[in-house]
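Notes follow the structure.
All of the numbers you see were taken from the coordinates with simple rules; none came from a lab. Not measured: the values here are computed from a predicted model. As a convention, Cβ positions derive from the backbone with ideal geometry for all residues, glycine included, and neighbour counts pool all protein chains shown.
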Protein chains: 2
Amino acid sequence: MTANLFNNLPEPVQEEWFNTLAEAEHVTVERIVSRGHTSPASGWYDQSRHEWVVVLKGRGVVTFEDGEEVTLGPGDHLSIPAHTRHRVAWTVPDEDTVWLAVHYD
Amino acid sequence: MTANLFNNLPEPVQEEWFNTLAEAEHVTVERIVSRGHTSPASGWYDQSRHEWVVVLKGRGVVTFEDGEEVTLGPGDHLSIPAHTRHRVAWTVPDEDTVWLAVHYD
């Protein structure tokens, strides 16, 4: 009935690792695991839903189209309104970074 | 623009401490800080929304009306469907327990 956010982490892989933890019509809760991954250099995330995101382990840098750069470590959270273009510029290369994201309308 | 889930913890207080971190029509993300608190002994939580909850720090026990008892430590998460009667039977008395809850339709 329960599961742990820090268990079942993937072996180091080429791509970020996404798990859906809860989902309904207007909301998705997901875990993202990165290890040195960044957003595709080719572009920005431009999401139709709002996102609330927190780093639970590791460290990452999110940059915005206007040049703002935000470093997130354990417990740091951030709200990203829909259609606010952003990317993950960096995650710590030598350990897993575990993000929890809530996407909502 | 960012805030940290482990900062601005309350001084030990009589009641649990709730902060809304993100909110929209169909979803609320909140932080709950407990220190030895339990649900009111008089009754059950009977919520109109679904809840996804994770313990980030500390330890707590959630019990359900059917007798099931679930102990949650850091990273442990649980989905509680709407109208599933439950209560917090125990939280560790000597440190803060930090919960993150997503309530959604």
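Between this copy and the others, label points of A:Glu15 are 4.7 nm apart in ascending order, each placed 7 angstrom from Cα in the Cβ direction.
How charged is the neighbourhood of B:Arg35? Take every other residue with its Cβ under 12 Å from the Cβ of B:Arg35, and add Lys/Arg as +1 and Asp/Glu as -1. That sum, taken over residues with Cβ under 12 Å, equals -4.
Taking Cβ atoms as reference points and 9 Å as the exclusive limit, the residues near A:Asp96 contribute a net charge of +1, counting Lys and Arg as +1 and Asp and Glu as -1.
Please grab the % of Cα pairs in the protein assembly as shown that end up more than 24 Å from each other. Here the tail beyond 24 Å accounts for 43 percent of pairs. Amide H to amide H distances under 5 Å link A:Arg85 with A:Glu65, where only residues 5 or more positions off or on other chains count and H is placed in the peptide plane. Available extension along the chain between B:Ala24 and B:Phe6 is 4.2 nm, counting 0.36 nm per residue and deducting the alpha carbon span.
Using 0.36 nm per residue and subtracting the Cα-Cα separation, the extra length available between A:Asp94 and A:Phe64 on full extension is 8.4 nm.
Debye-formula intensities of chain B, expressed as log10 I(q)/I(0) at q = 0.11, 0.17, 0.18, 0.23 Å⁻¹, are -0.32, -0.79, -0.89, -1.43 (one equal scatterer per alpha-carbon, no solvent).
Between amide H atoms placed 1.01 Å from N, distances below 5 Å from B:Asp76 occur with A:Leu5, B:Val55, all of them 5 or more places distant or on a separate chain. Structure remark: mean-square fluctuation, Gaussian network model of chain B, C-alpha springs under 10 Å; the largest value among B:His83, B:His26, B:His37 belongs to B:His26.
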